1. Of the listed values (i) 1.38; (ii) 1.32; (iii) 0.95, identify the label whose number matches Rg/Rh (Cα atoms, Kirkwood Rh) calculated from this model.
2. Note down the accessible area of M97, probe 1.4 Å, to the nearest 10 Å².
3. How many nm separate the modelled label positions at D6 and Q111, each set 7 Å beyond the Cα in the direction of the Cβ?
4. Tell me the carbon and sulfur percent of the accessible area for segment 1-43, rounded to whole percent, probe radius 1.4 Å.
5. Lysine pairs, Cα distance under 26 Å, 8 or more residues apart or cross-chain: how many in the chain?
6. Count charges around H89 for me, please; just the other residues with Cβ under 12 Å from its Cβ, Lys/Arg as +1, Asp/Glu as -1.
7. Treat every Asp and Glu Cβ in segment 31-115 as -1 and every Lys and Arg Cβ as +1, leave all other atoms uncharged, and give the resulting dipole magnitude about the Cα centre to the nearest 20 debye.
8. Which is the longest part of the chain that has none of the trypsin sites (Lys or Arg not before Pro) sitting in a DSSP loop with at most 16 other Cβ atoms within 10 Å?
Amino acid sequence: MPVLLDVAGLARSTFYYQCKALAVADRHADVKAAIKAIFDRHQGRYGYRRITVVLRQLGHALNHKVVQRLMQAMELKSQLERELTRYIHYYNHERIMLKLKGLSPVQYRTQPLAA
């Protein structure tokens with residue numbers, strides 16, 4: 001064992017710490033299942049705030065930050081957030097590019113006005 005640890009460049013304590021960490025069960029497994037069920041039941045329309053409220057009604061005492069972190073780890077995003085991101089991209093980029101007609105902002109500001 002010491003030879004393997006030397007080759008891997010690991011301290012013995014790090015090896016045993018990692019073995020112990022892998023053996024521990026996920027303490028939020030039941031909450032993750034509840035979040036996924038709520039998210040699916042509402043067809044992805046609930047974000048972390050509304051899911052937190054529902055979880056509290058079900059008896060889970062959780063902070064909204066925990067729910068938000070778990071949803072990010074499970075890659076769950078509400079539809080509203082996706083649509084809002086798409087609209088913001090349109091508003092800040094595509095709409096302006098259409099108005100500039102292929103010019104840079106400096107070129108657009110300095111072009112002569114049409115009569």
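The values are calculated or read from the model by the stated rules, or taken from the named source; none is laboratory data. Note that the structure is a prediction, hence the values are computed from the model and not measured. Note that we place each Cβ from the backbone using ideal geometry, even for glycine, and neighbour counts take in every protein chain shown. Just so you know, the surface numbers come from the protein's heavy atoms only, side chains and all, with ligands and any DNA or RNA stripped out. Shrake-Rupley method; radii C 1.70, N 1.55, O 1.52, S 1.80 Å.
1. Read-out from the structure maps to (ii).
2. 110 Å²
3. 7.2 nm
4. On the way: 2170 of 3500 Å².
The computed percentage sits at 62.
5. Numbers: K20/K32; K32/K65; K32/K77; K36/K65; K36/K77; K65/K77.
Step by step, the pairs that qualify in the chain add up to 6.
6. Numbers: positive: R82, R86, R95; negative: E83, E94.
Neighbour charge sum, excluding H89 itself: +1.
7. Values: 16 positive and 5 negative charges, 32 e Å.
That gives a dipole near 160 debye.
8. Numbers: sites that count: R27, R45, K77, K101.
So the longest stretch without any such site is 46-76.
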